[in-house]
Amino acid sequence: MTVTSLGVPRRLLDLTLDGEPVRAPEGTTLLDACRAAGKDLPALCHVDARTPASACRLCVVEVAGSRALVAACSREAEPGMDVRTDTERTRHSRRIVLELLASSVDLSTTPGIAEWIEEYGARPDRFGTDAARLEREPIIDNGLLVREDGKCLRCGQCVRACGGQGQHTFALSVSGRGFGSRVGVEYDAPLTDSACVFCGDCVDVCPTGALSVRSEFDLRTAGTWDEPAQAVTTTVCGHCGVGCELTLHVQDNEIVKVTSPPDSPVAHGNLCIKGRFGHQYIQNRD
């Protein structure tokens, strides 16, 4: 029998969001408080159940008494806090961030980015064709995972998932400085020569698709990736007795990707190589 801990009861804090009084449990971030109140703040690098990266700065809000804008994903709610989420200052900041990101990073596979660019009136093209941009060919050094540096925000969520907040394999790390920094493996070796165990958890936390499974990459390259048409089925992995929950993404009657629900009490969104990729035998026609 699986027992789910309910945790320690937390006291409720009273604060104000855009002039409306709300209550949030102690320890709640402003981003979670906003979402609970029905306010949809943009956030690229935030991953539920992971330590906030505070890297993209899209979720910034104004807090009365604070001189600078604060990242809602990492700032915890406090009693009596007066928070403004949609002011001229926050919209201007988000517009500039979107323009800088979209002009330097390939966001073509980033969910929701086109809607945010339109909502905030961002114009990434105003920097012209001379805008600094990292142009690198996709790294395909194995049959399971693909790395595309040109799509990477350097938020570091994949490094955390690979390291101390996930698999503890520490195969991925950030190297270099400034615009030249990028996520890679030791000595820039192929992924197959690293400590990578090919769990694929780094793919699940990547906000832009800079890391993807090979099947998705191949379908996108061929122009046949059709996510809206994919059927989603939940099941339980049968490779061992742990019982990890799987979400199968099926397109044209074939499994094209496997994920795990982040709120799963068994796997907590993490999988091993067998759960993530051990489904090819189902479609093996030999």
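The values are calculated or read from the model by the stated rules, or taken from the named source; none is laboratory data. Everything quoted here is computed from the prediction, not taken from an experiment. A quick note on method: Cβ atoms are made from the backbone with ideal geometry, for glycine too, and the neighbour counts reach across all protein chains shown. In case anyone asks, the SASA skips ligands and DNA or RNA and just uses the protein heavy atoms, side chains included. Shrake-Rupley method; radii C 1.70, N 1.55, O 1.52, S 1.80 Å.
Numbers for the structure displayed
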{"item": "Flag for Val258 being among the β-branched types (Val, Ile, Thr) and open to solvent by 70 Å² or more (accessible area, probe 1.4 Å)", "result": "no"}
{"item": "Within the range 230-286, tally of residues that are within 22 Å of the chain's Cα centre (by Cα) and acidic (Asp, Glu)", "result": "2"}
{"item": "Qualifying positions in the range 234-247 - assigned to a strand (DSSP E or B) and either open to solvent by 30 Å² or more (accessible area, probe 1.4 Å) or without any contact (Cβ under 8 Å) to a residue 24 or more places away in the chain (or both)", "result": "Thr234, Thr235, Val236, Glu245, Thr247"}
{"item": "Which numbered condition Cys155 fails, given (1) closer than 28 Å to Ser54 by Cα; (2) open to solvent by 60 Å² or more (accessible area, probe 1.4 Å)", "result": "(2)"}
{"item": "Tally of residues being under 16 Å from Leu69 (Cβ atoms) and touching a Lys or Arg at 6+ places or on another chain (Cβ under 7 Å) across the range 23-51", "result": "3"}
{"item": "Residues of the range 215-229 that turn out to be surrounded by fewer than 18 Cβ atoms within 10 Å (Cβ to Cβ), part of a helix (DSSP H, G or I) and over 18 Å from the mean Cα position of the chain (by Cα), as a count", "result": "6"}
{"item": "From the options Thr2, Thr16, Thr28, residue that is surrounded by fewer than 22 Cβ atoms within 10 Å (Cβ to Cβ), more than 15 Å from the chain's Cα centre (by Cα) and either aromatic (Phe, Trp, Tyr) or at pLDDT below 90 (or both)", "result": "Thr2"}
{"item": "Selection within the range 94-122 - farther than 28 Å from Phe217 by Cβ and open to solvent by 30 Å² or more (accessible area, probe 1.4 Å)", "result": "Arg95, Ile96, Glu119, Gly121"}
{"item": "Top-ranked residue in the range 261-279 [being under 17 Å from Arg214 (Cα atoms) and not β-branched (Val, Ile, Thr); ranked as most open to solvent (accessible area, probe 1.4 Å)]", "result": "Lys274"}
{"item": "The range 123-133 - residue that is surrounded by fewer than 16 Cβ atoms within 10 Å (Cβ to Cβ) and in contact with a Ser or Thr (Cβ under 7 Å, 6 or more places away or on another chain) and, of those, farthest from Leu191 (Cα to Cα)", "result": "Phe127"}
{"item": "Strands (runs of 3 or more DSSP E) wholly inside the range 125-206 that include at least 1 residues being among the small types (Gly, Ala, Ser) and more than 27 Å from Arg95 (Cβ to Cβ)", "result": "173-175, 182-184"}
